[in-house]
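A short write-up of the structure that comes next.
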Amino acid sequence: MLSIPGGLKIYLATAPVDFRKSHDGLAAIVEQALKEDPLSGGLFVFTNKRSDRVKLLYWDNDGYALWYKRLEAGVFRFPKAESESQKLTLSAADFQMILSGVDLSSVKRLKRYQRPLAKETSKNLALT
């Protein structure tokens, strides 16, 4: 199993990709379609049309690293984008569940504190 640190930024490409692409081809998708920096230290997740394969691209201090998983049976259940967005941001816990075969739509989440985003905080301060 893959161990992913909790604070790592994980970006899921919402459109399936051609799995013949490797390091440079996926890095180009990160730059052009996802509008992110592939050298940022984030984890970039790609899937195929059937959703039975997943590739992870990340920068490992001195070069790109690629992790690949093919399911023998079943599919990965990735969340759907709410808009026309090219990417979704996932938490490490959610991504681990997806890799383990959990459908996130069936997960019941308990209420937890979540710090407001910087933009929302500045808007709220401007209104007071």
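The values are calculated or read from the model by the stated rules, or taken from the named source; none is laboratory data. Just so you know, these numbers come straight off a predicted model, no measurement behind them. Here Cβ is always computed from backbone atoms with ideal geometry, including for glycine, and neighbour counts include all displayed protein chains. The protein model used for the area step is the full one, side chains on, heavy atoms only, and it has no ligands, DNA or RNA in it. Shrake-Rupley method; radii C 1.70, N 1.55, O 1.52, S 1.80 Å.
Would you mind getting the accessible area per residue of the chain, heavy atoms of the protein chains only, 1.4 Å probe, in Å²?
Numbers: 9050 Å² over 128 residues.
About 71 Å² of surface per residue is accessible.
If you roll a 1.4 Å probe over the chain with all protein chains in place, what percent of the accessible area is carbon or sulfur?
On the way: 4590 of 9050 Å².
Result for the chain: 51 percent of the exposed heavy-atom area is carbon or sulfur.
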Rounded to 0.05, the calculated FRET efficiency for the beta carbons of residue 28 and residue 2 at R₀ = 22 Å is 0.40
Violating pairs (Cα-Cα greater than 29 angstrom) within the set 35/111; 35/55; 69/111; 35/108; 21/108 | 35/111; 69/111; 35/108; 21/108
In whole Hz, with x marking every Gly and Pro, tabulate ³J(HN,Hα) for segment 51-63 from phi via Karplus 6.51 cos²θ - 1.76 cosθ + 1.60, θ = phi - 60°.
-> 6, 9, 9, 9, 10, 10, 10, 8, 8, 10, 6, 9, x
Expected vector for segment 26-35, Karplus 3J(HN,Hα) from phi with 6.51, -1.76, 1.60 and θ = phi - 60°, integer Hz, x for Gly and Pro, equals 5, 4, 5, 5, 4, 6, 7, 8, 8, 6
Ellipticity estimate at 222 nm from DSSP helix runs (n ≥ 4, -39,500 (n - 2.57)) divided over the chain, nearest 500 | -6500 deg cm²/dmol
Selection of trypsin sites (Lys or Arg not before Pro), segment 40-103, meeting DSSP coil and at most 15 other Cβ within 10 Å = 49, 50, 77, 80
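Using only the alpha carbon atoms of segment 1-79, find the Kirkwood hydrodynamic radius as the inverse mean reciprocal pair distance, in angstroms to one decimal.
Kirkwood hydrodynamic radius for segment 1-79: 13.0 Å.
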Using a Förster distance of 35 angstrom, determine the FRET efficiency expected from the C-beta separation of residue 108 and residue 61, and round it to 0.05.
-> 0.35
For segment 37-86, what is the convex hull volume of its Cα atoms per residue in Å³?
-> 85
5 angstrom amide H check on residue 87, placed H, neighbours 5+ away = 14
What residues have an amide H closer than 5 Å to that of residue 43, excluding those fewer than 5 places away on the same chain, when H is modeled at 1.01 Å from N in the peptide plane?
-> 9, 10, 11
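Taking DSSP loops as anything outside H, G, I, E and B, show the longest stretch in the chain free of GluC sites (Glu not before Pro) there with at most 14 other beta carbons within 10 Å.
On the way: sites that count: 72, 82, 84.
By the stated rule (loop sites, at most 14 other Cβ atoms within 10 Å), 1-71.
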